[in-house]
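Chemist: The following block contains the structure, expressed as structure tokens.
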Amino acid sequence: MAYKGLLERYAHLLDLPAHTRAVTLHEGNTPLIPVPRLAEGMGGGFELYVKFEGLNPTGSFKDRGMTAAISEALGRGSKAVICASTGNTAASAAAYATRAGLRAVVLIPQGEVAAGKLAGVVAYGAEVIQVQGSFDEALSMVVQLSEKHPLALVNSLNPYRLEGQKTAAFEICDTLEAAPDMLCLPVGNAGNISAYWMGFKQYHQKQNTDLPKLLGVQAAGAAPLVAGHPIEQPETVATAIRIGKPARGEQALEAAQESGGRIIAASDEEILAMQGRLASEGIWVEPASAAGMAGLAKEIQAGNIDPKGQRIVAVCTGHGLKDPDIITQQMETPEVLPLDLGVLEKRIVG
Ligand code: AN7
């Protein structure tokens with residue numbers, strides 16, 4: 001049977017109101033890619049997989065939650081949706097809103113959103129407003145606006161976002177025919193780690209799968225859940241997770257603790273190094289998306305995790321195409337040679 005997206009695939013497991021009218025771009029169903037060389041590089045003796053969420057319709061995991069949130073909003077009769085975003089939520093909201101025929105308004109922190117995300121928002125036709133403030137401040141504005149006006153909030157404070165996002169946990173268990181021993185993922189506003197935990201617990205109850213330990217990873221310059229307090233001016237090259245006051249921070253901490261895992265920080269250098277290592281496996285992800293795997297490498301190296309005999313999944317949340325500047329700004333301009341067979345032969349085969 002043809003795949004028709006998450007709301008159909010996991011209809012029996014999603015807690016969505018009866019009025020929900022499915023809006024889908026056939027999101028989800030993303031590959032779980034084995035990366036044995038990367039595992040060897042971390043000492044070997046375990047199974048390592050990447051859940052490549054960059055292969056969703058708008059290039060990030062946000063589409064899982066957005067199909068649910070927009071479908072609910074449409075069915076409820078909403079005419080407009082609003083969100084604050086570091087970029088990926090905005091692009092996803094823009095795509096699903098236009099597919100549903102709804103107006104989309106997105107607030108982004110001025111100058112802090114990667115080129116591929118902003119381009120997506122514009123291409124899908126959403127109204128973009130840059131605000132002179134951080135993501136956290138923009139989120140506070142959209143929450144207030146949605147309380148005063150008929151604007152459906154589609155940030156992950158919206159419970160239906162988590163309903164959609166928990167499907168990634170189902171897919172991992174379905175593919176492996178078991179739960180992994182550990183799941184590593186980046187943490188920003190903390191919706192995704194909360195949703196994964198909901199999903200794993202639900203499968204544990206319904207399908208008797210085990211529960212993985214969760215390793216949530218924040219960027220060191222934006223790590224409120226590690227510091228134990230909000231970060232007023234978060235800074236990191238991983239702009240997607242440049243978030244100082246995670247809306248679902250407490251839920252995330254609870255999830256990590258309940259799972260027997262934890263939330264740690266990885267430096268920008270560690271995140272970018274892992275972006276490079278993933279790319280050399282043929283998996284190009286945006287910087288934030290490498291944070292989960294970077295945290296795993298760090299924990300293994302520090303001796304805090306013994307991976308031997310384990311099955312570990314790292315979630316790569318967004319595609320590298322979203323943030324081309326991070327690569328192009330650092331690269332040398334490719335060499336230019338004349339269109340001459342002899343010159344090209346000499347250069348290529350010596
Ligand atoms: C690639 O788009 O918050 O912990 O506004 O884009 O659920 O917030 C993005 C977050 C990880 C963190 N990886 O997930 C937004 C936004 C990527 C992301 C996260 C984000 P959460």
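Any read-out appearing in this document is the output of simple, stated calculations on the displayed coordinates, not a laboratory observation. Source: prediction; values computed, not measured. Cβ: placed from backbone, ideal geometry, glycine included. Neighbour counts: every protein chain shown.
Chemist: Where the only charges are on Cβ atoms (+1 Lys, Arg; -1 Asp, Glu), what is the dipole of segment 112-195 about its Cα centre, to the nearest 20 debye?
Modeler: The dipole of segment 112-195 has a size of about 240 debye.
Chemist: Within the chain, what's the longest stretch lacking trypsin sites (Lys or Arg not before Pro) that sit in DSSP loops with no more than 14 other Cβ atoms inside 10 Å?
Modeler: In short, 80-307.
Chemist: Computed on alpha carbon atoms, what radius of gyration and Dmax characterise the chain, expressed in Å?
Modeler: When restricted to Cα atoms, the chain yields Rg and Dmax of 20.2, 70 Å.
Chemist: So, in Å, what gap is there between the alpha-carbon centers of segment 18-41 and segment 270-329?
Modeler: Comparing the Cα centres of segment 18-41 and segment 270-329, I get a distance of 16 Å.
Chemist: Dipole of the chain (Lys/Arg Cβ +1, Asp/Glu Cβ -1, origin at the Cα centre): which of Gln257, Gly221, Ala68 lies farthest to the positive side?
Modeler: Ala68
Chemist: Is the shape of segment 70-163 best called rounded, prolate or oblate, per the rule: a/c under 1.5 gives rounded, else a/b larger than b/c gives prolate, else oblate, with a ≥ b ≥ c the square roots of the Cα gyration tensor eigenvalues?
Modeler: It is oblate, given that a/c is not under 1.5 and a/b is not larger than b/c.
Chemist: Right, another one. Quick one: Debye curve from the alpha-carbon atoms of segment 201-306 only, equal weights, vacuum; give me log10 I(q)/I(0) at q = 0.12, 0.16, 0.20, 0.21 Å⁻¹ to two decimals.
Modeler: One equal scatterer on each Cα of segment 201-306 leads to -0.44, -0.76, -1.05, -1.11.
Chemist: Another question, if that's okay. Taking a threshold of 21 Å on the Cα-Cα distance, which of the pairs Lys62/Lys206; Lys79/Lys117; Lys79/Lys148; Lys166/Lys206; Lys51/Lys298 fall above it?
Modeler: Lys62/Lys206; Lys79/Lys117
Chemist: Specify whether the C-alpha gyration tensor of segment 96-140 places it in the rounded, prolate or oblate class, a ≥ b ≥ c being the square roots of the eigenvalues: rounded for a/c under 1.5, otherwise prolate if a/b is larger than b/c and oblate if not.
Modeler: The shape class here is oblate.
Chemist: Here's something else I'd like to know. Choose one of Met198, Ala119, Ala168: the residue whose Cα lies farthest towards the positive end of the charge dipole of segment 117-219 (beta-carbon charges +1 Lys, Arg; -1 Asp, Glu; about the Cα centre).
Modeler: Of the candidates, Met198 comes out farthest on the positive side.
Chemist: Taking the Cα centre of segment 219-328 as origin, sum charge times position over the Cβ atoms of Lys and Arg (+1) and Asp and Glu (-1), and report the length of that vector in debye to the nearest 20.
Modeler: With Lys and Arg at +1 and Asp and Glu at -1, about 240 debye.
Chemist: Tally Lys and Arg at +1 and Asp and Glu at -1 over the other residues with C-beta under 10 Å from the C-beta of Ile82: what net charge comes out?
Modeler: That sum, taken over residues with Cβ under 10 Å, equals 0.
Chemist: Next question, about the same structure. Among Asn155, Val315, Gly43, whose Cα lies farthest out toward the positive end of the dipole of the chain, if unit charges sit on the beta carbon of Lys, Arg (+1) and Asp, Glu (-1)?
Modeler: The residue sitting farthest along the positive end of the dipole is Asn155.
Chemist: Quick one: putting +1 on the C-beta of Lys and Arg, -1 on the C-beta of Asp and Glu, what dipole do you get for the chain around its Cα centre, in Debye to the nearest 20?
Modeler: With only Lys, Arg, Asp and Glu charged at Cβ, the dipole is about 940 debye.
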